[in-house]
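Each remark here refers to the structure printed beneath this line.
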Amino acid sequence: MRLLLPALAAFVLFGCVPGDLPRNQIYVEDFDFSPPVIIGEATDPQRDTVTFTFNWIQPSTGHTVTWDSVKAISGMAASDLPGNKDVTFEGNYQVTLSSGTYFYHCDLHQGAYGMSGEIIVNPYGTTQSPGAMGSVTAPQ
């Protein structure tokens, strides 16, 4: 029964079973970005980009996505930072990122709550170690 309830919750919330939870999804809930670190790998050899979606979970106190910096992968040019997302209470925000490591935070809750995150985009063909994609947890 213990294993059945999480599987049922994932199916109801996302229409999938654990292990099939959506990749490249970041949940904005309470005072956290979940997961706080997420890794994606480009799947198109012509474009070393990955699209990530920030999803606001209801009810929300309102949060921003403010980009701090990007660290280029060795031998590659640094990408421009995407545009910041103003205070948002619901919905989602998609961003397509090139290879590199991106750091972001919520302007309203970074100080008191440490609400920040990191996205790592690896170029096409990069081999990931087991579990390197991070864990995606369903909102509570």
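Structure summary
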| read-out | value |
| --- | --- |
| Contact order relative to length of the range 22-122, as percent, for alpha carbon pairs under 8 angstrom and 6 or more apart | 34 |
| Length gained when the stretch Gln58-Asp86 is fully extended (0.36 nm per residue, less Cα-Cα span) | 8.4 nm |
| Order of Glu41, Glu90 - criterion: other Cβ atoms within 10 Å of each residue's Cβ, fewest first | Glu90, Glu41 |
| Lys/Arg +1, Asp/Glu -1 at C-beta; the range 22-122 dipole; positive extreme among Pro45, Thr101, Pro59 | Pro45 |
| Net length gained if the chain between Met76 and Phe103 were fully extended (0.36 nm per residue, minus Cα distance) | 8.0 nm |
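No lab work stands behind these numbers, since they all come straight from the coordinates. These figures come from a predicted structure and were not determined experimentally. Neighbour counts run over all protein chains shown; Cβ positions are idealised from the backbone, glycine included.
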